[in-house]
Structures are given as structure tokens and as C-alpha cells.
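The values are calculated or read from the model by the stated rules, or taken from the named source; none is laboratory data. Nothing here was measured: the structure is a model prediction, and the numbers come from that model. Glycine gets a Cβ as well: all are built from the backbone with ideal geometry, and neighbour counts include every protein chain shown. Each accessible area value is taken on the protein alone, full model and side chains, heavy atoms only, with ligands, DNA and RNA left out. Shrake-Rupley method; radii C 1.70, N 1.55, O 1.52, S 1.80 Å.
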Amino acid sequence: MKWRQSAGRNNVRNSIVKNILKHTLVIGSAFMAQVALADDFVSQATPPERLVVKEGFKVERLYSVPKKDFGSWVVLCEDDKGRLIAGDQYGALYRFNRPAPGKTLTDKDLEKIDLDIGHAWGLCYAFDSLYVVVNEKRHQGRGLYRLQDTNGDDKFDTVTLLKKFQEVGGEHGPHAVVLSPDGKSLYVACGNQTALPEYQTSRVTECWGEDSLQPRVYGRGFMKGVEAPRGWICKTDPEGRNWEVVATGFRNEYDIDFNLEGELFTYDADMEWDINTPWYRPTRINHVISGAEFGWRNGSAKWPEYYSDSFGAVVNIGPGSPTGVTFGTGAKFPAKYQKAFFACDWSYGKLYAVHLKPNGSSYSGEVEEFIAGQPFPLTDLCISKKDGAMYIAVGGRKVQSGIYRVTYTGSESTASVKPRSEGGEARAERRAIEAHHLKSDPSAVEKFWKHLGSDDRALRFAARTAIEKVPTKHWTKKAFEEKDPFAKLGALLSLARLGNEKIQGALVKSLLAYDYKSLNQQERFDLLRTYGLTFIRTGAPTKEQKAAVIKQLNSHYPGNSAAENIELSNVLGYLQAPDIISRSVELITNAPTQEEQIAIAKNIRFVKQGWTDESEKKLFTWFTRAAGYKGGASFTNFINEIKKDHLARLSDDRKKALAEIINARPITKNPLSSNRQLKFVKNWQMKDLTPLLGSGLEGNRNFKNGREMFAAATCYACHRFNEEGGGIGPDLTSAGGKFSPHDLLESIIDPSKEISDQYGSITFKLKNGKEIIGRIANLSGDNYKVITDLMAPGAMTNIKTSDIASSEPTKFSMMPPGLLNMLEDDDILDLLAYILSKGNKDDPLFQK
């Protein structure tokens, strides 16, 4: 359509944003079942009646832990007699019997484990022993311990330190320990503050590196200087003698568990300070296959999910604080929930049930909210082998702790389920490849080479890892002679990763032979990534190579997607391509999301040639706008660091000429809205648009315009889609598999018709008469940290629990009506098609 100028455009948009801020001041929270009074916030864990629980399930509060006496509990397991063992984050371990149905625990029921052990973040009862992961310098320091009863009196009497970990850490340090599916080994998980311990073997290819083509920006600099490999999972024997690296590249995976098929999963953390930056990665469920690398790096150097040398996620969840996980195996629950992967979110008080579906030799997943409350700081959970109930611990950071029991009260069958047969052949094939991850077997090259071009990402990753274990002399020639373009890219990527300087020229020559235009989106990502790895690991490009690569790529920039633009600008910026400046500045100025704008501004900040007076003015005018954008706690630092690097390339004369723009006050603007000219069109109702949903969505809709409309309707302010946007509302990337066109349209036009428990808000009434509308996003001791501005998720209001008189859910949706009123009917149809068509393999925008 033709966009028209309108003096009232900003007023219309601002009124929508103002409406959002007026009615939905926070990231959504679960609705409480009733008003909570002051006594509920003092010395008691959250009452079950204030929790939102999946229909058919019952939650009992068994115990509110007296903080002064027994601390704040963060870990839970069951021993061989069906007793529960829990641990205080800052103190001792306690053992107690499960109370009978309808009964609760008392202080007298607790038995303190009276040994020099505590500060546990991981517990596992196995091999007639209690294994404890300690995350504290006390006792004998951070490490894996084994507690045993040597005289048979049913009391642990010896403590053995099996493996000492690095004496640097905190909440990103040592975490979980679990028993392997075959009952012969232990798996241990540590976050990114703990370096890999001394190990004997590694399934991960031992060519650790940051692999960032351009210098990163650090933001506030948390863990600055810490480099790969970090965030790891290892396997060890019951005595802790031999250690095997299974996977690396996590940020802070708190807990791990195996499903019935023997596959390992975890729930990894985001870096909340990065929210609304292009390198923000939401909390996510990861399938931990053998040898996997998940790409956590500090600051802006995190690997995006589409990099083929990382393994990506089963499903992204959003902002949160991952803690305990468990599969429902052994629970007296319906089959769906026995198979579910339960994942705790500490900060937002949610227990998710992730329903996994075999997808090739890996899985896809759908996320369901199982239990939620405010506050409900979940720390750990386990399924009792004795009674089939789920037991949950809440606590951490010295907040009020408690123990809960979850049982099923519905009418569905709770008979034990068997492992899935679906996908079994593909998983067996992957495991056969993974058997070669601990050895260098030249026969693996011929056996598994075909999988380098597989549509199954897990098979590709497993095959590439097996081949990387073999000396390159056995397969370099084969890589260069490979005819299949996708398989060849996988082989070349592996050669680049292994860093042989002698083949740098041959690698570049092979990459230059690709016709960029003929490649699909993933092949383009692989080509660009392999260029980056080649220049990082095998040597910088010559002058002639630079010119040739620029010629190959230059005419294709901008590309078909934001991610492609980011990767092209990264490589072309590194190569000092002078004529990308005008195109890059146009993208920085006009891209519909701040993520794309920021990434490209970062990627061209060291390009020395091609700047004009006009492009410099546009760029620094954009910085005045970007200074008003909102994000996590590091957001402003990232913007300032990028601006500082751009300023560093200016001469003193240019700085003087641009001084008025450089020093201008930030422009206040809705940070995630379109730059297109808009005007009020109509107060759209369902009756106006429903007749258009049939034929109107048939044929070729304009996805590019749909993305523009996603910004114009301010969707990016709250929702992530295809790795862009905010984390306030649900991620809409998979909406096409969940909503019909009618249901999706109705949820936009009439958002309060059906309010999800997950996205309501809470009104806290204080004893001094004030009211604060918000969402508990963090807790510490007797303080709640509440987000009160959805446009500034990093800003929080502190509330003392002793100051709260009552709290109750608001009765309106976070999402205001009227968001489509500035769009024409064709634009609305493009928007719906864009949201519903994620994954359309026929459109280059979605080829991943």
C-alpha cells in the first residue's frame, strides 16, 4: 500500500503505548486464586489456594521452613527408603519422611545430616550413597562429594571429596548430579563460572575458542574475560575417578535429567541484562546430545542458534531463572505428564511442563504452564519412586522456603508408560555415530560422511563431531572434492574449526566457488560462518582474498532476513567493504526492530572507508534515538560502547562538525515500533475482518510487509518472533502450530476475552496506602523486586514483604485493544500470514 504522512501519527501510536503502560505495567504473572493478605507474606510459604494449578492436579503445602532455624532450601532428592533429603543454600542438609496423605511436616520431623557438608546445589542418592555438589568454599571447597553409611546404622558417617572444582564461583557454579539411565554412572552439571575440571576424555571436539569474527561489546562486563569452554556437563564413575566431557557452551544449566528413551535434557538460563539486544538468548530447553556445543560466550559474542557448530534449542521459553528439572517418569500422572519434562522458573514462579515430540533423531517441544504463583520461587523437584507424587522445594537467596506435594486427582489412567518408539530408528542411528566420539577411527569418515548433508540437525552434528575426531589428513581431500553443496559446507566448517593454516587458501577458494544466490538461508548462514571461522582460525585474508569475497557477497546485501543482514554485515564489515556503509546506515535507520539496527551498527563500527557526511549524520542521529531504547541492565552500556567505537574512527574535525548531533539529548520513542508513516484507519472488529480470513490468506502474502506490520502494531514491544523482539509476552514463533487465523485475530482484537493466567498482572496494596502494579521478577530475603514498566524490563521496584497489606490479580489483559487500528486490511492479512507462516520452507525469509 502507499503510506501517507499524518501529523497525528505519533499521537495515535503514543496513545497505544500509553494504554499499554497504563493497563499492563509488567511482565505477566499467574493470577492468584484469591486476595492475599499481609500474613501470607510473612514466615509462610505461598498457600496452595494462591497457586494456579493445571486442572486435575492437587497441590499440598507440606511445610513452611523456619528461615532462622533451617534456612532456605534449594535442592531436593529421594533416598532408597523413600525419604526426602533437602539442602539449605547456605547451610545444612536435612532428611525427613514423606508425610501421609492429608498430613504435614513439623520441625521435629527433620533430621539434620550431622557431617561437615552443606551448601549443596545438587543431590543424588545412588550406589548406597548420597552424592552432593557443593557450591561454596567451606567444607573442603566446591566439588562433588560422596556421603556413605559405613556401619549400617542408617546414618551417614563419612564424607569423601571425589572431585574438587575451581574455587571461583557463585550462582553460576557447580549444580546438579544425576544417575545415568543404565545406573552405572553419574552426570554432573556446572554453570559458566566454573572451569572444566581435569578430565580424561571428551566427546566435545577439543578445539575450544570464542570464534567471534569482530571484537565483542561487553555491556556491564559481568564475567568479562571468561572464555570457552564454560557451562559444561561431564560423566563420571561412582568413585569420581574418570571424567568425560559430554557437552559445553551453556550459560547456567542448573539441573539435568534423562527421559525414558535415555536422552539428556536441561533448562538453560538467559542473560537478562541482554534483553532487547540482538545477542539475547531466552531461557531454553536443550537436548544434550553427545559432544554438543551450545555457544554461550560473553557479551555480544554469543553464538546465534542458526550456527551449525552449535546445537541450538528444542524450544525457547523466554525470560526467567531456570532451576530444578525432572521428567515425570514414575509419577502417578496421565501418560502425557509422565513423558513431560518439568522445568522450574525461580524468578517468575512457574513450573512448566514441556511436551517433547520426536523430530528426526532429536525432539521439538511445546511449553505448558503447569503450576504458577506469586511468589513461588521454585528451586527443585523430584518424583517419588514410592508414592508416585511430585515433591517441590521453593526457596533460595534466603527467601521463605517450603515443601509441596503434587498429586493427580482426575480420572485418566495413570498406568506407567513405555519409552517412545517414534523416532527410535533415527535416535539409534545417531547413537551409533556418537559411539565414535571418544575415539579416532578413520572408518568413521566413510561411514558417516553422508550425514553431513542430512536434514536432521542432530545427525549432522553427530557426524561432524565423529569426523572431527579423525586427523584431517584422512578427509581433507574428500571435503574439497565433495559435490553436495550442503554437505561440503559442513565439511569445510569442520576443517576451518580445526585451524590448519596450511589449507587457508584452499578453504577460501572452495568457499568462493559457491553461487550465493542459489543457496538457501541455512546454506548462506553456513557459508558466512565458515568464512568467519576460516579467517579466525586459519589466518587473515590476503588483499586478493578480501576483494574476491567482497565481490561474491556484496550484491546480496541486504539479504532476505534480519539474521542474514546481520551475518553479511559482520563478514563484509570485517573485510572493510567500503560500499556497504550507505546500505548499512539505511538498515540501521529503517529496520523494524532495534535488534537488527543495533547488530548492524556494531558490525560496521570499524569500517574505515565509505563514510560520507550524510551517512555519518544519519548514524549519529540514530544513536540519539537508540539512547532512548529500553532493554536489560547492560543495554545502555552496549549502546554507549558501540557509539564509542564509532567515535574513535572520527577525526577531531569530524567530531567538531558533528558535535551537535553527537551530543544531542536522547529521543524518546517507542523502541520497537515501525519507522513507517501511519495514520488511524479504523476501529477494527471481528465482523469486519472475519470474512477476509479465507481467500484473503490464500496465495502469496507479503511476509516482508507482515514483519513491518509486526513492528507497526507494536508487537515487538512484548513478543519475540524469529529471535527478535521483547520477552514480555509469549514467543509467537510457533503460533502457526497453535492458532487458527480466526483465533489469532480474535486474540489481537479482543485480548481480554480470554486472559491467560500466565500474562495477568498483580496489584500490591501497601500498608501505607500506596498501590504497586507489577510482577515479581526477583527475590532476595524479605524483598520482592517488581517490574513495573514493560518498556524497561531491567528497572525494578523493591517491595518489602512486611510492607504488603494485600495483593490481588488485575482483571484486564496485559495486551490492550486497538493495536490494529492504524493498519489497512491488507496489512492485517500480511501480519497474520507472517505470524502463522514461520517455518514456511518455500519462502527464503524463513529458510533456517
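Brief remarks follow.
- Accessible area per residue for the chain, computed on protein heavy atoms with a 1.4 Å probe, is 39 Å².
- D441/R220 FRET efficiency (R0 51 Å; Cβ-Cβ; nearest 0.05): 0.65
- Lys, Arg +1 and Asp, Glu -1 on Cβ, resulting dipole of region 198-323 about Cα centre, debye, nearest 20: 500
- Rounded FRET efficiency, nearest 0.05, which uses the C-beta distance separating H556 from S651 and R0 of 35 Å: 0.60
- For the chain: relative contact order, % (alpha-carbon pairs under 8 angstrom, 6 or more apart): 15
- Given +1 at the Cβ of Lys and Arg, -1 at the Cβ of Asp and Glu and no other charges, the dipole of region 360-406 around its Cα centre is 340 debye to the nearest 20.
- Efficiency of FRET between D484 and E425 - r from beta-carbon atoms, R0 22 angstrom, step 0.05: 0.45
- Global geometry of the chain, whether rounded, prolate or oblate, following the gyration tensor of its Cα atoms and the 1.5 cut on a/c: oblate
- Phi-based couplings in Hz for region 408-416 (Karplus 6.51, -1.76, 1.60; Gly and Pro marked x): 9, 10, x, 9, 6, 5, 10, 4, 4
- The length gained by stretching the chain between K336 and D69 to full extension, at 0.36 nm per residue less their Cα-Cα distance, is 92.2 nm.
- Extension gain (nm, one decimal) between A100 and K137, 0.36 nm per residue minus Cα-Cα: 9.5 nm
- Dipole axis of the chain (+1 Lys, Arg; -1 Asp, Glu on Cβ), positive-most option in S180, F156, L378: L378
- Relative to the Cα centre, the charge distribution of region 493-547, modelled as +1 at Lys and Arg Cβ and -1 at Asp and Glu Cβ, gives a dipole magnitude of about 120 debye.
- Placing a pseudo-label 7 Å from each Cα along the Cα-to-Cβ vector at Y199 and D109 gives an inter-label distance of 4.1 nm.
- Peptides ranked, highest mean first, by Cβ atoms within 10 Å: ranges 139-151, 707-719: 707-719, 139-151
- Of the trypsin sites (Lys or Arg not before Pro) found in region 535-626, those in coil by DSSP whose Cβ has at most 11 other Cβ atoms within 10 Å are K608.
- Additional length obtainable on full extension of the chain from A547 to K617, 0.36 nm per residue less Cα span: 22.4 nm
- In sequence order, region 250-263 has phi-based couplings of 8, 8, 7, 6, 7, 8, 9, 7, 9, 8, 5, 7, x, 9 Hz under the Karplus curve 6.51 cos²θ - 1.76 cosθ + 1.60, θ = phi - 60°, and Gly or Pro positions carry x.
- Long-range HN-HN contacts of G559 with modeled amide H, under 5 Å: N565
- Relative packing of peptides 91-102, 263-274 - highest average C-beta neighbours within 10 Å first: 263-274, 91-102
- Net charge of Cβ neighbours under 9 Å - reference E167; Lys, Arg +1; Asp, Glu -1: +3
- Accessible surface of the chain, 1.4 Å probe, proportion on carbon and sulfur as whole %: 48
- Near the amide H of G169, within less than 5 Å, lie no amide hydrogens of residues on another chain or at least 5 residues away, with H placed in the peptide plane.
- Karplus-derived HN-Hα couplings along region 363-378 (A = 6.51, B = -1.76, C = 1.60, θ = phi - 60°), whole Hz, x at Gly and Pro: 9, 10, x, 10, 9, 10, 7, 9, 9, 8, x, 9, x, 8, x, 5
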